[in-house]
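Take a look at the structure below.
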Amino acid sequence: MRTLITLTTATVIALAPMAAFAATMTTTGTVKSVDAKAGSVTLDNGTTYMLPAGYSHSKLKAGEKVKISWEKKASKFVADNVTMVN
């Protein structure tokens, strides 16, 4: 029983830092380009974000300032929410 508890504790400690990578981040920037076919938006800093499923691309235009809530999944930046900033 002691071995099981020790192994479980060690696993939790080892995996805890990985949970931080799944946290939602927020970025504000200016839209550089929109790729409706790929479902992505590129900001002026060069980072490309995959847009949420069903997001209306017509809202986004080059030059618009946006706030993007996103998570990194695999090697992609996946947007959870995109809002216009005034």
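Do you know the relative contact order of segment 24-84, to the nearest whole percent, from alpha carbon pairs under 8 angstrom that are 6+ apart? Let's see the in-between values first.
Details: 124 pairs, mean separation 22.2, N = 61.
It comes to 36 percent, rounded to a whole number.
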Per residue of segment 41-47, what does 6.51 cos²θ - 1.76 cosθ + 1.60 with θ = phi - 60° give for ³J(HN,Hα)? Whole Hz please, x for Gly and Pro, Karplus curve as stated.
10, 10, 8, 5, 7, x, 7
In whole µm²/s, the translational diffusion coefficient that Stokes-Einstein assigns to segment 24-84, given a Kirkwood hydrodynamic radius over C-alpha pairs, 37 °C and 0.692 mPa s, equals 293 µm²/s
Karplus-derived 3J(HN,Hα), 6.51/-1.76/1.60, for each residue of segment 71-85, Hz, glycine and proline x:
10, 8, 10, 6, 10, 10, 9, 10, 6, 8, 7, 10, 10, 6, 10
Non-local residues with an amide H under 5 Å from the amide H of Glu64, with H modelled 1.01 Å from N and Pro and chain starts lacking one, are Val31
Per-residue HN-Hα couplings for segment 33-38, Karplus 6.51 cos²θ - 1.76 cosθ + 1.60 at θ = phi - 60°, whole Hz, x for Gly and Pro?
7, 10, 10, 5, 5, 7
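Where a number appears in this text, it was derived from the coordinates with a stated rule and is not lab data. What you see is a predicted model, and the numbers here were worked out from it, not measured in a lab.
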